[in-house]
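Working notes for the structure below.
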Amino acid sequence: MKIRTAVTLAAATVLLLGTGTAAATAGWSPHPHEIKPFLPAGSTNPAIADGVALGKQVATYTASGLGPAAANPTAPADSPERYVDFPGGALPPGVTVTEAQAINTLKRIKANLAAAGLALEDVVSMRAYLEKPPGAATADFAGWNRAYRQFFANTDLASGQPVPVPLGTAPPAPPLEVNPARPARVTIEIANLPVAGWLVEVEVAAAYKR
């Protein structure tokens, strides 16, 4: 897999019974069963955290990289549109193909985690790989980020209430999956993904909460 451009490296930390923003003191380490996030201070709705600390007795699960399923049989084989998971392959207003593929992919990740007894809320780290759409100068990071917010980091940390998020150019609306988790995340643009037509591939690690 040839790396083209690296963007946005961040780490996250999740507290088993809450979230944290303060820096750890010298010599600090998590308790054996603790999952502790360090979130950017002063923000009630950050997309990702600054890092994730896991206690030495926290069991984790690492999913293989997943891309979108071929959900649109009306589109040509190996085309990006083949992996659009909307009825009839029709994109809602302003939704990009990358955004649609990312939604498709994150649904598959939810199913993958469920098979291992986990949920999206248990994700502590994520690596996303994007390929630029045909004819585009760069990968569609904006479309990816909109799709990400449909499944992650879409609650207000102060109130605990869901935060409306946009789908394409539509006004913000309730997210597809309400989820307070802010995982550590890196997003990378690469030259070629392993499946023709894929614009998105994502791998995650999740922690089992005691």
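The values are calculated or read from the model by the stated rules, or taken from the named source; none is laboratory data. Since the model is a prediction, treat every value here as computed from it, not as a measurement. Positions of Cβ are backbone-derived with ideal geometry, glycine not excepted, and every protein chain shown enters the neighbour counts.
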- Verdict on Gln101 being in contact with a Leu (Cβ under 6 Å, 6 or more places away or on another chain) and touching a residue at least 24 places away in the same chain (Cβ under 8 Å): yes
- Cβ-Cβ below 7 Å, separation at least six or inter-chain, first residue in region 24-39 and over 27 Å from Thr155 (Cα atoms), second buried (at least 16 other Cβ atoms within 10 Å of the Cβ) and at pLDDT 90 or above: which pairs? Pro32/Gly55
- Out of all the residues in region 170-190, is one or more in contact (Cβ under 8 Å) with a residue 40 or more places away in the chain, exposed (fewer than 15 other Cβ atoms within 10 Å of the Cβ) and either on the phi > 0 side of the Ramachandran plot or not aliphatic (A, V, I, L, M) (or both)? no
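Being farther than 15 Å from Leu106 by Cβ and surrounded by 12 or more Cβ atoms within 10 Å (Cβ to Cβ) is the filter; apply it to region 141-161 and report the residue that is nearest to the chain's Cα centre (by Cα).
Pass one, region 141-161, residues farther than 15 Å from Leu106 by Cβ: 141-142, 155-161.
From what is left, the residues that are surrounded by 12 or more Cβ atoms within 10 Å (Cβ to Cβ) are 141, 155-157.
Details: Phe141: 12, Thr155: 14, Asp156: 17, Leu157: 18 Å.
Within region 141-161, the match that is nearest to the chain's Cα centre (by Cα) is Phe141.
Quick one: which of Ala142, Ala114, Ala153, Ala119 is of a type outside the set (Val, Ile, Thr) and within 18 Å of Ile188 (Cβ to Cβ)?
Working: Ala114 fails: within 18 Å of Ile188 (Cβ to Cβ); Ala153 fails: within 18 Å of Ile188 (Cβ to Cβ); Ala119 fails: within 18 Å of Ile188 (Cβ to Cβ).
Unique residue meeting the criteria: Ala142.
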